1. Report, ordered by the first and then the second residue, all pairs with beta carbons closer than 6 Å, sequence separation of six or more or different chains, a first member in segment 172-186 that is assigned to a helix (DSSP H, G or I), and a second member that is crowded, with 20+ Cβ neighbours inside 10 Å and aliphatic (A, V, I, L, M).
2. Regarding segment 272-284, can at least one residue be identified that is touching a Pro at 6+ places or on another chain (Cβ under 8 Å) and within 29 Å of ILE357 (Cβ to Cβ)?
3. Look at SER280 and say whether it is in a loop (DSSP other than H, G, I, E, B) and either more than 16 Å from PRO248 (Cα to Cα) or of a type outside the set (A, V, I, L, M) (or both).
4. How about segment 128-142: which of its residues are in a loop (DSSP other than H, G, I, E, B) and closer than 17 Å to PHE29 by Cα?
5. Within segment 231-246, track down each residue that is outside any helix (DSSP H, G or I) and crowded, with 21+ Cβ neighbours inside 10 Å.
6. Please state which one of LYS25, LYS2, LYS43 is of a type in the set (Lys, Arg), in a loop (DSSP other than H, G, I, E, B) and within 27 Å of the chain's Cα centre (by Cα).
7. Condition (residue is under 27 Å from ALA82 (Cα atoms), surrounded by fewer than 22 Cβ atoms within 10 Å (Cβ to Cβ) and of a type outside the set (D, E, K, R)) applied to segment 133-142: is it met by at least one residue?
Amino acid sequence: MKCSRCQNEDVQYFFENNGRIYCRKCIAFSTKTVNLKSVKNEKKIYYHLNYSLNLEQERTSRLLIERYQNHQNSVLKAVTGAGKTEMIYGVIEYALNLGHHVCLTMPRKELVIELAKRIQKQFFNIQPILVYGGHTECLEGQFIICTTHQLYRYPRMFDLLILDEYDAFPYRDNEVLENILMNSIKGNYVFMSATIESGDVQVLQRFHHQPLPIPTCKVMGNFMMLCHLVYQLKKYQKDKKPVFLFVPRIEMTRQVQKFLKFFSIKSHCATSKEKNIHQSLEMIKSHEIDVIACTTVLERGMTVENVQVIILHGEHPLFDKETLIQIAGRTGRKVPYTNGDIIIYTNRQTKAIKECIKDLQQSNALSAIKS
């Protein structure tokens, strides 16, 4: 016996009720599915950017189209800030104009909302459909942008599926989500991330050709950590530099917010339990607040001009190598602010911190050789 949705074959997960067989592994997902209709576009679908892709981005974009034309799956490894979103626009445009059904999916709702804002402004003659928890009124369309949790609705529906940040929580190591995703593909996929070992397609440089910022590790006790934190944040406040302050636990964001208030540092919290994350991002961009105290919910896909990054209690196991690399990748993403601080305050220098620094240094060395 095999579950048609999550591909489970373990008999202990199956049970019968009123003559129907159920799979406990994926029973949390609704049985309601969508039947996407065939498409014939009257107008050519296209995208427009207010800037040009560099040669490496152009090469990667063409290569992804060629691989899709040849019915090949692709894994794209691109360093943080390489501009991988723009690199997939070409293959999305190509597939849509063939009348193919396209899905752009990612593990977290915040990433879906942020990315959809960009795509809605940059693609023309197509209306992307957003699907995520709490936003499921409209499910049908040629171009779906959704969380990986929503893919159960689309069995064998997508000619092209692009999975961004495929090594991110909660998708990573979740067998049910992985199988549901693979079950939604009838054509080919493109998987993308900065923190994987290798890929069929690789981009080793940021789009502006500047090196990746390297974290600074500061080992100290808890009291001195707070003293240094306030001193550093007051400096950034004076220079009008926005800050992402990463902490390992949700409850710590509120504690930090109350603490910073004593020093007239304006802050908001961003966690999986907050509903106003995008409002907080807009406020820090406009300098209405100085700091966003956040969990790893902001480790990927979020870009704020000239942002500086501080990690508090970097010794916590939550901050593994991949997470630290992604967090470090928030800085230096936009011209002219191609550098930025990443300060890790920690009780000890962990293996993950050392490996993160080593990996980023190696990426810069490889990029320099290629240049």
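1. ILE180/LEU151; LEU181/LEU151
2. Just the residues of segment 272-284 that are touching a Pro at 6+ places or on another chain (Cβ under 8 Å), to begin with: 284.
After this cut, where a residue has to be within 29 Å of ILE357 (Cβ to Cβ) as well, the list is 284.
Yes, segment 272-284 contains at least one residue that is touching a Pro at 6+ places or on another chain (Cβ under 8 Å) and within 29 Å of ILE357 (Cβ to Cβ).
3. On the way: in a loop (DSSP other than H, G, I, E, B): no; either more than 16 Å from PRO248 (Cα to Cα) or of a type outside the set (A, V, I, L, M) (or both): yes.
In short, no.
4. Of segment 128-142, the ones in a loop (DSSP other than H, G, I, E, B) are 128, 133-134, 136-142.
Selection gives GLY133, GLY134, THR136, GLU137, LEU139.
5. Passing the criteria: PRO242, VAL243, PHE244, LEU245, PHE246.
6. Numbers: LYS2 fails: within 27 Å of the chain's Cα centre (by Cα); LYS43 fails: within 27 Å of the chain's Cα centre (by Cα).
None of the others qualify; the one that does is LYS25.
7. Of all residues in segment 133-142, those under 27 Å from ALA82 (Cα atoms) come to none.
Looking through segment 133-142, none of the residues is under 27 Å from ALA82 (Cα atoms), surrounded by fewer than 22 Cβ atoms within 10 Å (Cβ to Cβ) and of a type outside the set (D, E, K, R).
Listed here are the residues, each with its yes/no results for (1) surrounded by fewer than 17 Cβ atoms within 10 Å (Cβ to Cβ); (2) in the same structural domain as PHE169 (by TED's automatic domain parsing); (3) over 13 Å from VAL247 (Cβ atoms); (4) of a type in the set (Asp, Glu).
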| residue | (1), (2), (3), (4) |
| --- | --- |
| CYS269 | no, no, no, no |
| GLN279 | yes, no, yes, no |
| LYS285 | yes, no, yes, no |
| ILE292 | no, no, no, no |
| ARG300 | no, no, yes, no |
| GLU305 | yes, no, yes, yes |
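The values are calculated or read from the model by the stated rules, or taken from the named source; none is laboratory data. In this text the structure is predicted, and so the values were computed from the model without any measurement. No Cβ is skipped: glycine too gets one built from the backbone with ideal geometry, and neighbour counts run over all protein chains shown.
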